[in-house]
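Derivation of every value follows stated rules applied to the coordinates shown; laboratory data play no part. Everything numeric in this text was worked out from a predicted model, so none of it was measured. Cβ placement follows ideal geometry from the backbone for every residue including glycine, while neighbour counts extend to all protein chains displayed.
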Amino acid sequence: WYQRRVREAVVSTQSTGSSGINAEYGDSLHLSSMNLALLQGSADIVANGLYFVTFNQDATSLAVGTSTGYKLFTLNGHDRFDQTYEFTGEDVCIVERLFSSSLIAMVSLSAPRKLKVCHFKKGTEICNYCYPNTILGVKLNRARLLVVLEEILYIHNIKDMKVLHTIRDTPPNPKGIIALSINSDNSYLAYPGSGQIGEVQVFDTLNLDRDLLSKKRVILMYDLARLQKISSLL
């Protein structure tokens, strides 16, 4: 049943290549510095409370979470966004769209431990999951859906939403910082590897393997303001 609903939501996408509550919501919100004047006819977004702004994986769609719901915009040309959908009724602090499909993953401030996966064109909820602490981030590609808590990462199979793997006891990550490759054939996850130094841990979410690199790599950390090297990591 779930797989059928997900297939319905994901049709017509174009490949781009092959849970305690944190009272300081500002740490878990993702505000953007983009020019909101580009959002045609949507001057009310800031007035209603802007919580979250993000592009989809191929930057063809923009999702905006507000205190009253969320809105989806399509990029037309180089400087114009047209609103294609609006949902009202919840204070949405995270909303992620799978490419240009109808599949949406969302979290509200009213229920910050609950993830909802929805078919927005049909206005239906496909499923929901609850976690032991506040959800700080969600990322998805055509193979995996990642949920970030402050010290736990959940890796779901997007086809049936089963939890395939849980990475526990990660360094504290109060801002929910992660990156997930949009290429589902090389579905790599990157997340902070240390709370003291600039270390990044890379994880293969397809093979569920942390040993990705056949040789050591050097990562140089720079202070961009001073253009000085902070540290180098092997």
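Placing R0 at 45 angstrom, the Cβ-Cβ distance between THR166 and ALA59 gives a FRET efficiency of 0.90 after rounding to 0.05. Residue ranges 172-180, 104-112, 123-131 sort as 104-112, 172-180, 123-131 when ordered by packing (mean number of other C-beta atoms within 10 Å per residue, highest first). Counting only other residues whose beta carbon sits under 14 Å from that of LEU62, what net charge do I get with K and R as +1, D and E as -1? Surrounding charge for LEU62 is -2. Across the range 49-153, the fraction of Cα-Cα pairs farther apart than 19 Å, rounded to a whole number, is 39%. Subtracting the Cα-Cα distance of CYS127 and ALA179 from 0.36 nm times their residue separation leaves 16.3 nm of extension gain. In the structure displayed, which of LYS121/LYS159; LYS122/LYS175; LYS71/LYS175 lie more than 25 Å apart, Cα to Cα? In this structure, LYS122/LYS175 lie more than 25 Å apart at Cα.
The convex hull built on the alpha-carbon positions of the range 114-179 has an orientation-averaged projected area of 4.7 nm².
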